[in-house]
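The values are calculated or read from the model by the stated rules, or taken from the named source; none is laboratory data. Note that the structure is predicted; figures quoted are calculated from it, not measured. Neighbour counts are summed over all protein chains in view; Cβ atoms, including those assigned to glycine, are modelled from backbone coordinates with ideal geometry.
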Amino acid sequence: MHNKTLVELSQQLASGALSSVELTQHFLDRIKLLDPQLNSFISTTDELALAQAKIADELRAAGSAGPLTGIPIAHKDIFCTKGVKTTAGSKMLDNFISPYDATVVEKLNAAGTITLGKTNMDEFAMGSSNETSFYGAVKNPWNTDYVPGGSSGGSAACVAARLAPAATGTDTGGSIRQPASLCGITGLKPTYGSISRWGMIAFASSLDQAGPMTQTAEDAALMMNAMSGFDSKDSTSINKEAPDYTSELNNSLEGLKVGLPKEFFKEGLDSGVQQVIETAIKDIEKLGATVKEISLSTTDLAVPAYYVIAPAEASSNLSRFDGVRYGYRCDNPANLEDLYKRSRGEGFGEEVQRRILIGAYALSAGFYDAYYIKAQKIRRLIKNDFDKAFADVDVIMGPTAPSAGFALGEKADDPISMYLSDIYTIAVNLAGLPAMSVPAGFTAGLPVGLQMIGSHFSEPRLLNIAHQFQQATDWHKKTPDAFTK
Amino acid sequence: MAWETVIGLEIHVQLSTQSKIFSGSATTFGAEPNTQASLVDLGMPGVLPVLNEDAIKKAITFGVAIDAKINQKSVFARKNYFYPDLPKGYQISQLDLPIVDIGHLDIALEDGTVKRIGVTRAHLEEDAGKSLHEDYHGMTGIDLNRAGTPLLEIVSEPDMRSAEEAIAYVKSVHALIQYLDISDGNMAEGSMRCDINISMRPKGQEEYGTRTETKNVNSFRFIEKAIRGEVIRQIDELEAGNKINQETRLYDSAKDETRSMRSKEEANDYRYFPDPDLLPVITTDEYIQNLRDNLPELPDQKIERFQKEYELKEYDARVLAASKQLADYFETVVATSGAKAKLAANWVTSELLGALNKAGKGIQDSPVSAELLGGMLKRIADNTISGKAGKIVFEGLLNGEGSADEIIKAKDLIQETDTGAIEALVDEVIANNPAQVEQFLAAEKDKRKKLIGFFVGQIMKASKGKANPQQVNQLLGQKLK
């Protein structure tokens, strides 16, 4: 039953062929059995899950079940879950039991989903390989010597290995799409402000956005219906009624105008990945789309601008982890300064410290204009670039990442090379746009994702394109051999 | 050398909103530690600020009252620094685009002149919590009840030239925020705190000298003392040929001196940047105009009205309008007593304020309510008691002996207005003092006025203060011819 999509499981629960308790137990057993190979979970919540499943079955018996009632899912460990350890992948929060639920968790709970556990991630979502986690690296289910991508690597790996039908993720510079690409699943980063950030541990507030990680676009649409919507607790939440994300799934792609940015296909792109993407674009054309080359001339500026803005915001967002009220505190602090220095020095990993230093530097007196203000100007140019492109095309397509999964340790000591794995995804966050990664094929036995970028609020159309592509292809149905049974 | 003092003030005013500026927690003063601290106030992982609209409303109300430019796009920024009572490691404040831009406030000086003080800006920010260093066996306790209380920081231009001007300005701001009902202005509870920037320059020089900033002074008296002390210290330094260090100083009220806290070199780099969790605040013309149209009566308007409506002298009107509570008290006294406003003004400004000053109390702590005082003045106005007896009744009111009527009855103070009875007393006093009568009758007319006082005094004494003085005077005039 683990190879079924969320939609198929929902039908089985509805028909009575399956109970939520059975389904939940099955996934809990699979996690226990198989996750030691992947390390995709930081914690599992067996008792909570079975209690929730029992209630879901009762609700169904009482005739008040929705499409997600009784469906087990996993939450990235960046979402606060009441009474459950919430670590953000950091030693800093190894002892932190959240006193409240994130809005995403609260909404999915209300829709009837079951929480299987909390997934592993790069520390504070800073990383593209899931190697910066205090809880150890996550392995790619397609080849456990390879990284699953990051920062939502645990969520991507557990869905790819069918340890959970779906998972939540967050995407600040590609953290949903890049691991979705590397693990061969479907990931959606919605328009900034579509999903509340309340209870989502902040990395870079102006870029962070939650989204679903699923097998299919149809599953993602169902998850979006539950996750999105205005939240008065988040001032950046968009105050308008959320659409029905399933409404356009079955529309035709006839007349769809696809733009291919030439900057996404130049040097730096792995040739195997390029082949996969070109084939996928041909498949889209066969569905009635027309394709043209476009230019996003600011592409090269995105990574440098991002690595000023994101660390700047992070340096401030992470100040609250000071060893005073919760989280890690060093032993026997000599005085206040010692308490701060050692708690933060011992509690944060190397990459997090690197980004705090970069960010504090970019904001400091005398450098603020040259770095932060300049980066904000570039951000505006990038947004203008996209606006111009969307005057001409409906959707922009290209690779999600420049390569398939790389080997564990391969880039761990080379931050610049690591940062470049998000070269195609980062601009989307800077512009606040929605984008997806959809399984499109394999190179050297590892999955490759096709990225689709839409204009603001075009999620129903993106899901439509992805769904039609998945009706015509079966890349999203492939499972790694070791995790098929 | 003759030195000129240059003073600029930053006044932090706690706004009297029901809940905090970025969370729903209550702002009541004096609650048990950490009982008014929500997830947001504690700076929990994942929490977000949501702006309290009432704070914006109160800030703009202040802005329109000082005729300031309101920035219709206003931005919140993060001021980053580490301190245990600052849970997020940053304070949400405003740097560029504060809600209130340049405005001004007129202050009345003791010599009767009016001086205009420029207000550079007033911005919104959140207050920090409190560190409690006592009672924890060498450790520090943290109370986050105050964390997130809305503050309006009002920054003046360096327009004041003496401690007197500075105090007049602080008092004006204090009165204004109470008139506007945007703060309780309770300085003892920290609702208004002051940072004082002071520099000296040779008289006639245009360029400013190097300034020091004395932090967190929280009473009128301390502000005055801190300024006087710092001015003397700076002059001493300058006259000894030393330079003034640009630094932050602390006023120690116990020792009555300021001392250095940190120099410019040690100053924090706050790494301000716009808070990405909060959108810019956009206010419309209509919103601002509506607040302007609904401004309550302001101090200057009240002073003018008091002069017209109650025929008070400007000085009395100013004294009474100095605080909204005092002005309200006065108007209640007038309304309950039905007495002439001038009489009410005299009693409030001299007897009542005198007694309160002596007891070190403010009008809000007056043991005599406006209604009680009004009740007494009513009895003076209707001739039930004399003004002199009024003082006895007032003592009784101060001591909580009941209402004026009760005290008058208990002390038997009802004025004697029976002409026959008074006449008997007058005759008696005249008969008993033949020498004084002879002296009086022999005196020149203009000296008689003084001599008649003796007889009045004797008669009042004989009546135990109850005889109506006008009647006594009249009868004496008839009989001593």
B:Gly138 fails exactly one of (1) within 14 Å of chain A (Cβ to nearest Cβ); (2) surrounded by 15 or more Cβ atoms within 10 Å (Cβ to Cβ), namely (2)
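Looking at the stretch A:266-281 only, could you name the residues that are in a loop (DSSP other than H, G, I, E, B) and either in contact with a His (Cβ under 9 Å, 6 or more places away or on another chain) or among the small types (Gly, Ala, Ser) (or both)?
A:Gly268
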Residue set B:Lys361, B:Lys302; condition within 28 Å of B:Ala65 (Cα to Cα), of a type outside the set (Phe, Trp, Tyr), more than 14 Å from chain A (Cβ to nearest Cβ) and under 19 Å from the mean Cα position of the chain (by Cα); output residue B:Lys302
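Answer yes if at least one residue in the stretch B:206-218 is modelled with pLDDT under 90 and either of a type in the set (S, T, N, Q) or surrounded by 13 or more Cβ atoms within 10 Å (Cβ to Cβ) (or both), and no otherwise.
There is at least one residue in the stretch B:206-218 that is modelled with pLDDT under 90 and either of a type in the set (S, T, N, Q) or surrounded by 13 or more Cβ atoms within 10 Å (Cβ to Cβ) (or both).
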Selection from the stretch B:42-55 of residues buried (at least 21 other Cβ atoms within 10 Å of the Cβ) and away from chain A (no Cβ under 11 Å) yields B:Asn52, B:Ala55
When the stretch B:145-168 is checked residue by residue, the ones that are assigned to a helix (DSSP H, G or I) and surrounded by 24 or more Cβ atoms within 10 Å (Cβ to Cβ) are B:Ala166
Going through the stretch A:329-348 in order, the residues found to be under 13 Å from A:Lys91 (Cβ atoms) and surrounded by fewer than 21 Cβ atoms within 10 Å (Cβ to Cβ) are A:Arg329, A:Cys330, A:Arg342, A:Gly345, A:Glu346
From the option list A:Leu50, A:Leu33, A:Leu13, single residue qualifying as part of a helix (DSSP H, G or I), surrounded by fewer than 20 Cβ atoms within 10 Å (Cβ to Cβ), touching a Ser or Thr at 6+ places or on another chain (Cβ under 8 Å) and not hydroxyl-bearing (Ser, Thr, Tyr) is A:Leu50
If you check A:Glu263 against the conditions, is it free of Cβ contacts under 8 Å to residues at least 40 places away in the same chain, more than 14 Å from chain B (Cβ to nearest Cβ), in contact with a Ser or Thr (Cβ under 8 Å, 6 or more places away or on another chain) and not in a loop (DSSP other than H, G, I, E, B)?
yes
Of the candidates A:Ala435, A:Ala444, A:Ala440, A:Ala404, the one satisfying the condition of being surrounded by fewer than 18 Cβ atoms within 10 Å (Cβ to Cβ) and closer than 23 Å to A:Ala157 by Cβ is A:Ala444
Note on the stretch A:164-197: residues buried (at least 24 other Cβ atoms within 10 Å of the Cβ) and within 14 Å of chain B (Cβ to nearest Cβ) are A:Thr168, A:Thr170, A:Thr172, A:Ile195, A:Ser196, A:Arg197
Of the candidates B:Gly375, B:Gly402, B:Gly390, B:Gly477, the one satisfying the condition of being in a loop (DSSP other than H, G, I, E, B) and either not assigned by TED's automatic domain parsing to the domain that holds B:Tyr329 or not hydroxyl-bearing (Ser, Thr, Tyr) (or both) is B:Gly402
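Can you find a residue in the stretch A:198-210 that is more than 14 Å from every other protein chain (Cβ to nearest Cβ) and touching a residue at least 24 places away in the same chain (Cβ under 8 Å)?
No, because not a single residue in the stretch A:198-210 is more than 14 Å from every other protein chain (Cβ to nearest Cβ) and touching a residue at least 24 places away in the same chain (Cβ under 8 Å).
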Exercise for the section: Kindly establish whether A:Gln353 is within 27 Å of the chain's Cα centre (by Cα) and within 14 Å of chain B (Cβ to nearest Cβ). Expected result: no
Going through the stretch A:137-160 in order, the residues found to be of a type in the set (D, E, K, R) and either in contact with a helix residue (DSSP H, G or I) (Cβ under 7 Å, 6 or more places away or on another chain) or surrounded by 24 or more Cβ atoms within 10 Å (Cβ to Cβ) (or both) are A:Lys139
*Kindly check whether there is at least one residue in the stretch A:104-112 that is part of a loop (DSSP other than H, G, I, E, B), touching a residue at least 24 places away in the same chain (Cβ under 8 Å) and away from chain B (no Cβ under 14 Å).*
yes
| Within the bounds of the stretch B:128-143, is there any residue that is among the β-branched types (Val, Ile, Thr) and within 29 Å of the chain's Cα centre (by Cα)? | no
Being more than 14 Å from chain B (Cβ to nearest Cβ) and among the small types (Gly, Ala, Ser) narrows A:Gly347, A:Gly327, A:Gly288 down to just A:Gly288
For helices (runs of 4 or more DSSP H) lying entirely in the stretch B:311-372, having 2 or more residues that are free of Cβ contacts under 8 Å to residues at least 40 places away in the same chain, of a type in the set (A, V, I, L, M) and surrounded by 21 or more Cβ atoms within 10 Å (Cβ to Cβ) picks out B:314-321, B:324-337, B:341-346
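Mind telling me which of the residues A:Ser417, A:Ser421 ends up being part of a helix (DSSP H, G or I) and closer than 30 Å to A:Asn3 by Cβ?
A:Ser421
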All conditions in (1) touching a strand residue (DSSP E or B) at 6+ places or on another chain (Cβ under 7 Å); (2) more than 12 Å from every other protein chain (Cβ to nearest Cβ); (3) free of Cβ contacts under 8 Å to residues at least 24 places away in the same chain are true of A:Ser319 except (2)
Going through the stretch A:86-103 in order, the residues found to be within 12 Å of another protein chain (Cβ to nearest Cβ), of a type outside the set (S, T, N, Q), out of contact with any helix residue (DSSP H, G or I) (no Cβ under 8 Å at 6 or more places or on another chain) and within 23 Å of A:Pro179 (Cβ to Cβ) are A:Leu93, A:Ala102
For the stretch A:436-464 the number of residues that are out of contact with any strand residue (DSSP E or B) (no Cβ under 6 Å at 6 or more places or on another chain) and either part of a helix (DSSP H, G or I) or polar (S, T, N, Q) (or both) is 8
With criteria (1) closer than 21 Å to B:Ser172 by Cα; (2) hydrophobic (A, V, I, L, M, F, W, C); (3) at the interface with chain A (Cβ under 10 Å from one of its Cβ atoms), B:Ile70 comes up short on (3)
Counting only residues in the stretch B:112-135 that are among the polar types (S, T, N, Q) and under 30 Å from B:Arg201 (Cβ atoms), the one surrounded by the most Cβ atoms within 10 Å (Cβ to Cβ) is identified as B:Thr120
Of those in the stretch A:229-256 that are surrounded by 14 or more Cβ atoms within 10 Å (Cβ to Cβ) and over 24 Å from the mean Cα position of the chain (by Cα), the residue farthest from A:Ala111 (Cα to Cα) is A:Leu256
Next item on the list: Please tell me if A:Lys240 is within 14 Å of chain B (Cβ to nearest Cβ), over 26 Å from A:Ile378 (Cβ atoms), among the basic types (Lys, Arg) and assigned to a loop (DSSP other than H, G, I, E, B).
Entry: no
